[in-house]
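*Asks:* Sending over a structure as structure tokens; questions will come in a sec.
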Amino acid sequence: MMRVREIAREDLGRVRGEDWVDWSRRPFVAGDTAYVPVRDGFPFSSILPDPHQYRGRGYTMLGTVAVFHGREVPGEDDVRAVLEWRHPTAVLWIPACDGQRRKPRAHVLAGTPGEVAHRECGITYFFDPSCTMFSAGNRGEKERLRKMVRPGERVADMFAGIGYFSLPVAREGARVHAMEIDPVAFSCLAKNIGVNGVADRVVPELGDCRFCLSGTYDRVIMGHFDSCQYLEHALSHVHEGSVLHVHTAGDASGRIEETLSGKGVRATVETHRVKKLGPHIWHCVQDVTVE
């Protein structure tokens, strides 16, 4: 298996010399996307099969459950290959997640799904992959955010889910207000807060984040592709120096700057690419620093 990060093909030359790149293995290029091998101990976004050992389609292991993504239905040979290679408790195909609550459109291809304990970057996440979203491709963004947080910051996680971003930043000493609208994901969030020993730093709240926000925050995490629709609400709870991390499908810096102008807020906007979503579409995070 080869752990990789997805970058634009045109950016291959820019990562030469980066300490996370495993240059003992060759990058794999498909279209305008390059899959760069990652060294042990560094965050990666996905796993590619080793053609000499596993010949099935690429997949993600979430705990003991193997998950296929993409629009194309996995074939019987793909399912059989992953069953023989990893012996998962279940095999799922999740082509997409739907709605405000990001419910996975899960199809069970083998076995019986259920709650798993998924370890990532020293954190344990309990959840059922068949009914609760988990994006393994966001690992690099979690690490980037974790390194930016300072102890004692008051952080709003407006779409907390099971604690994707809340738990890493709490481990760094942030005081987190974690908001989640879906009761199933919220129950996982509450459990994960206790399991990871951050109950003294994370306050979970079940409900619509637009009405849960209170006071002002040093940092606001907006980890939902519809986050631009919530930006005006978030801007009512920031101060000079606050940073908002606005997740979008595609570069939304122009739309964000229009919203800032309409609210009379001065800020700088920097766009970071997280992972490839489709042809010419990237998962982006806009870091908005209020001036």
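*Asks:* Suppose we filter the range 1-20 for residues that are surrounded by 11 or more Cβ atoms within 10 Å (Cβ to Cβ) and either free of Cβ contacts under 8 Å to residues at least 60 places away in the same chain or assigned to a loop (DSSP other than H, G, I, E, B) (or both); how many remain?
*Replies:* 10
*Asks:* Could you tell me which of the residues Val67, Val91 is free of Cβ contacts under 8 Å to residues at least 40 places away in the same chain and either hydrophobic (A, V, I, L, M, F, W, C) or closer than 24 Å to Lys275 by Cα (or both)?
*Replies:* That would be Val91, the only listed residue that is free of Cβ contacts under 8 Å to residues at least 40 places away in the same chain and either hydrophobic (A, V, I, L, M, F, W, C) or closer than 24 Å to Lys275 by Cα (or both).
*Asks:* Moving on to the next point. Which of the following residues is assigned to a strand (DSSP E or B) and surrounded by fewer than 24 Cβ atoms within 10 Å (Cβ to Cβ): Glu143, Glu205?
*Replies:* Glu205
*Asks:* Please determine whether any residue of the range 101-113 is assigned to a strand (DSSP E or B), of a type in the set (A, V, I, L, M) and in contact (Cβ under 8 Å) with a residue 24 or more places away in the chain.
*Replies:* yes
*Asks:* Find the strands (runs of 3 or more DSSP E) located wholly in the range 220-291 whose residues include 1 or more that are among the β-branched types (Val, Ile, Thr), without any contact (Cβ under 8 Å) to a residue 60 or more places away in the chain and surrounded by fewer than 17 Cβ atoms within 10 Å (Cβ to Cβ), and list them.
*Replies:* 267-278, 281-290
*Asks:* Here's another thing I want to ask about it. Looking at the range 202-223, which of its residues are touching a Lys or Arg at 6+ places or on another chain (Cβ under 7 Å) and either modelled with pLDDT under 95 or of a type in the set (Phe, Trp, Tyr) (or both)?
*Replies:* Tyr217
*Asks:* Turning to a different aspect of this structure: Can you report the number of residues in the range 96-113 which are in contact with a Pro (Cβ under 9 Å, 6 or more places away or on another chain) and either surrounded by fewer than 19 Cβ atoms within 10 Å (Cβ to Cβ) or within 23 Å of Phe159 (Cα to Cα) (or both)?
*Replies:* Of the residues in that region, 9 qualify.
*Asks:* If I go through the range 5-49 residue by residue, how many of them are small (Gly, Ala, Ser), closer than 25 Å to Cys121 by Cα and over 19 Å from the mean Cα position of the chain (by Cα)?
*Replies:* 3
*Asks:* Testing Arg150 on (1) surrounded by fewer than 22 Cβ atoms within 10 Å (Cβ to Cβ); (2) part of a helix (DSSP H, G or I), one condition comes back false. Which one is that?
*Replies:* With (1) surrounded by fewer than 22 Cβ atoms within 10 Å (Cβ to Cβ); (2) part of a helix (DSSP H, G or I) applied to Arg150, the lone miss is (2).
The values are calculated or read from the model by the stated rules, or taken from the named source; none is laboratory data. This one's a predicted model, so the numbers in the text were calculated from it and none came from an experiment. All Cβ positions, glycine included, derive from the backbone under ideal geometry; neighbour counts span all protein chains shown.
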